[in-house]
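Structure first, then comments.
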Amino acid sequence: MASFLLLGVFFLTFFPDNRTEVDDGYWYAADIRDSEYTKLFNPRFMLFLPVVKLGYEAVTSLGLSIDAYNFMCIVSVGFSAMTLILLYDTLCSQLKFQGKNALLVTIFVAISYEYWRYSVEAEVYVMSMFFILLCLRLFLKYKYVRKFGHVFLLCVLASFTTLLYKPNFIPLFMVFPLLFLYYRKISHLAVYYSLSAFLIVGSFYVVHTQIPSNGPFLEYLFGGTNQPIGNPAASVLVIASNMMSVLWIFSFEEATSFIINGFPHKVIEEEVFLAQQMGSIKYFLLLVLAVAIVLFGWLVGNAIKERRSFSISRFRILLVLFLWVLLYGGFLMVMDPTSNEPWLMLQIPIIILFGALLIEPLKRSQHWIIYSFLFLIFLNNWLGGMYLLKDIQYDYYYQKSRWLISNATGKDYIISYGPVSFIRYMRYHTDAEVINLEEEQKTAINLLQNASELKGGKVYLSENIFHPPRAILYRSQFDVGQLFDIYEDRGYRSELVWGREEEQFTTYKLIMHN
């Protein structure tokens with residue numbers, strides 16, 4: 001309990017006010033706050049939102065008033081603390097790490113940037129990690145408890161974990177069950193697959209029958225995947241940035257130019273604005289990064305030199321972790337190679353392998369190397385990551401929408417040209433109907449064509465309609481000129497209601513008469 005509280009205090013100490021990096025959190029929070037249960041069963045994470053909504057309603061039913069978004073963040077803090085405790089215990093008891101090395105691996109996971117960041121975020125990933133790790137622990141215990149009851153427990157837990165986040169299927173049903181084959185328990189393997197299939201497919205079918213608007217059953221069962229976009233070669237940079245924050249890099253013009261050219265579909269206006277608070281500390285972080293790379297290279301070289309000290313007794317378990325990384329990583333390289341979030345699910349196995357291959361070969365006199373390396377990781381991820389997220393004044397979405405949050409009503413409409421994370425931010429914080437040009441072009445055109453018929457409601461226009469983000473134009477190819485053709489045809493004009501002309505934080509109101 002003391003460890004749990006200590007970890008909770010650690011994460012809450014760095015609780016951010018700036019949510020620049022949020023992609024889906026406000027979407028999820030709005031759903032658990034406002035939507036009926038039948039609207040929450042997304043095929044990609046079917047049980048995540050219903051389970052969290054149950055918890056949210058249980059808390060609010062006690063008379064406690066808590067923001068839905070903050071509630072979800074606190075849930076992540078709790079699961080993160082439990083995950084780290086479970087990880088340390090598993091490293092010691094099942095993977096036979098020495099206590100000190102197990103602690104170093106656990107600390108590395110805790111301070112690795114994306115894990116640290118998503119431990120205080122309204123997302124599925126940290127909760128999912130806990131249950132994946134719990135499943136792995138049960139699989140490793142199978143060596144000592146080869147009974148049907150243990151297999152049944154595995155089926156239930158693995159099915160729930162897959163329903164919580166569908167990509168968990170890869171380690172749970174393509175990698176971990178190899179241990180059944182290793183112990184030549186074909187009957188248990190057959191039970192595991194057949195019972196789990198019944199539970200997973202059956203759950204999807206029950207939900208599908210209750211929500212007929214989901215379309216064909218097979219389409220719903222296999223739904224929830226993203227449209228592949230991005231260069232698979234960039235996945236190495238994504239994995240590295242999951243370990244060490246690169247937010248501060250956006251304070252260098254050369255870096256932003258490289259990102260714009262290499263990742264044209266990425267919206268980076270938020271990160272560039274956030275990095276404006278860096279100042280000269282960015283040069284110190286350059287030094288930190290350089291020294292960390294040197295130390296990492298030394299650790300790799302030492303591991304090669306001391307390769308004979310590698311413990312072959314854990315080879316089977318480490319092979320399972322390696323296959324987990326290989327198969328899951330291969331899936332992501334095809335489906336979503338340049339997004340940090342899904343790669344977060346490989347943070348734990350990658351760092352465990354780091355510990356087994358690079359930390360354990362160290363002699364006692366060499367441990368200062370890994371201490372120094374982890375200290376540099378912490379410095380980078382604190383000063384160049386979590387610290388930057390403390391000041392809401394550098395929250396791009398907050399600055400862009402704060403007038404609308406204070407003034408827009410449920411009768412009003414807001415038209416914006418994305419990105420979708422900004423749309424979700426406004427939908428969470430305002431009662432107005434927010435229309436995203438990137439995805440709802442026909443809706444926006446129809447609204448403008450019939451704006452004069454609105455009764456009492458106002459139409460607000462975000463600045464990005466007049467200056468569309470480069471990445472959004474690249475992705476959607478929508479001709480904003482169509483909107484201005486309607487302007488001219490209907491005799492509309494725009495009135496500035498917030499900010500100053502030619503600034504990025506401005507809001508306009510549609511005037512439908514002279």
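Since every read-out is calculated from the coordinates, none of them should be taken as a lab result. The structure presented is a predicted model; accordingly, all values stated were derived computationally and were not measured. Note that we place each Cβ from the backbone using ideal geometry, even for glycine, and neighbour counts take in every protein chain shown.
Sort the range 296-414 into rounded, prolate or oblate with this rule: let a ≥ b ≥ c be the square roots of the eigenvalues of the Cα gyration tensor; rounded if a/c is under 1.5, and if a/c is not under 1.5, prolate when a/b is larger than b/c, oblate otherwise.
On the way: a/c = 4.58, a/b = 1.99, b/c = 2.30.
It comes out oblate by the Cα gyration axes.
Let me check against my output: what whole-number percent is the relative contact order of the chain, with C-alpha pairs under 8 Å and at least 6 apart? Intermediate values should be presented prior to the final figure.
Values: 650 pairs, mean separation 91.1, N = 514.
Computed value for the chain: 18 percent relative contact order.
List, in the order given, every pair from Lys100/Lys363; Lys411/Lys455; Lys305/Lys363; Lys39/Lys411 whose Cα-Cα distance in the structure shown is over 18 Å.
Values: Lys100/Lys363 13 Å; Lys411/Lys455 9 Å; Lys305/Lys363 12 Å; Lys39/Lys411 23 Å.
Result: Lys39/Lys411 exceed 18 Å.
Using the Karplus curve 6.51 cos²θ - 1.76 cosθ + 1.60 with θ = phi - 60°, work out ³J(HN,Hα) for each residue of the range 462-477 in order, rounded to whole Hz, and write x for Gly and Pro.
6, 4, 6, 6, 7, 9, x, x, 4, 5, 5, 4, 4, 7, 9, 6
Return the sequence-ordered ³J(HN,Hα) values of the range 265-277 in whole Hz as given by the Karplus equation 6.51 cos²θ - 1.76 cosθ + 1.60 applied to θ = phi - 60°, using x for Gly and Pro.
8, 8, 7, 10, 4, 5, 5, 5, 5, 4, 6, 5, 7
Provide, as a two-decimal number, the C-alpha radius of gyration of the chain over 2.2 N^0.38 Å, N being how many residues it has.
Working: Rg = 24.9 Å, N = 514, 2.2 N^0.38 = 23.6 Å.
Relative to the rule-of-thumb radius for its length, the chain sits at 1.06.
Based on the mean of other Cβ atoms within 10 Å per residue, sort peptides 442-449, 374-381 so the most packed one is first. It would help to have the intermediate numbers written out before the result.
Numbers: 442-449: 16.4, 374-381: 19.8.
Ranked by mean Cβ neighbours within 10 Å, highest first: 374-381, 442-449.
Report for the chain the percent antiparallel among DSSP-assigned beta bridges with both residues inside it, nearest 5. Don't skip to the answer; put the middle values down first.
On the way: 8 of 15 bridges.
Counting DSSP beta bridges with both partners in the chain, the antiparallel share is about 55 percent.
Starting with the highest mean, order 183-189, 451-457 by the number of other Cβ atoms within 10 Å, averaged over the residues of each peptide. Please list the in-between numbers first.
Details: 183-189: 13.9, 451-457: 11.1.
Ranking the peptides 183-189, 451-457 by packing returns 183-189, 451-457.
Relative contact order (percent) for the range 153-294, with alpha-carbon contacts under 8 angstrom and 6 or more residues of separation? Please list the in-between numbers first.
On the way: 57 pairs, mean separation 23.2, N = 142.
Relative contact order here is 16 percent.
Using the Kirkwood formula over every pair of different C-alpha atoms, what hydrodynamic radius in Å results for the range 357-482?
Working: mean 1/r = 0.0559 Å⁻¹.
Hydrodynamic radius (Kirkwood, Cα pairs) of the range 357-482 is 17.9 Å.
If R₀ is 45 angstrom, what is the calculated FRET efficiency for the pair Gln399 and Arg364, using the beta carbon separation as r and rounding to 0.05? Before the final figure, lay out the partial values.
On the way: r = 51 Å, r/R0 = 1.14.
Given R0 = 45 Å and the Cβ-Cβ separation, E is 0.30.
Amide H neighbours of Ile511 under 5 Å, at least 5 residues apart or on other chains, H built in the peptide plane: list them.
Under 5 Å from the amide H of Ile511 lie the amide H atoms of Arg493, Ser494, Glu495, each far enough along the sequence or on another chain.
Per the helix-only calculation at 222 nm, which mean residue ellipticity applies to the chain, given -39500 (n - 2.57) for every DSSP H run of n ≥ 4 and division by its residues, nearest 500 deg cm²/dmol? Walk me through the numbers on the way to the answer.
On the way: 24 runs with 298 residues, N = 514.
Roughly -18000 deg cm²/dmol at 222 nm, from the helical runs in the chain.
Among bridges DSSP assigns within the range 384-514, what percent are antiparallel (round to 5)?
Details: 8 of 15 bridges.
Around 55 percent antiparallel, to the nearest 5.
What do you get for Rg/Rh of the range 4-108 when both radii come from the Cα atoms and Rh is the Kirkwood radius?
Radius of gyration over Kirkwood radius for the range 4-108 works out to 1.06.
For Lys442, list the aspartates and glutamates whose Cα falls under 16 Å from its own Cα; do not include residues on the same chain fewer than 8 positions away.
Within reach: Glu433, Asp479, Asp485.
Could you sort the peptides 501-511, 139-149 by per-residue average Cβ neighbour count (10 Å cutoff), highest mean leading? Don't skip to the end; give the middle numbers.
Numbers: 501-511: 15.9, 139-149: 13.5.
The peptides rank, most packed first, as 501-511, 139-149.
Taking amide hydrogens as modeled 1.01 Å from N in the peptide plane, which residues meet the under 5 Å criterion relative to Tyr142, leaving out close sequence neighbours?
Here the answer is none, since no amide H 5 or more places off falls under 5 Å of that of Tyr142.
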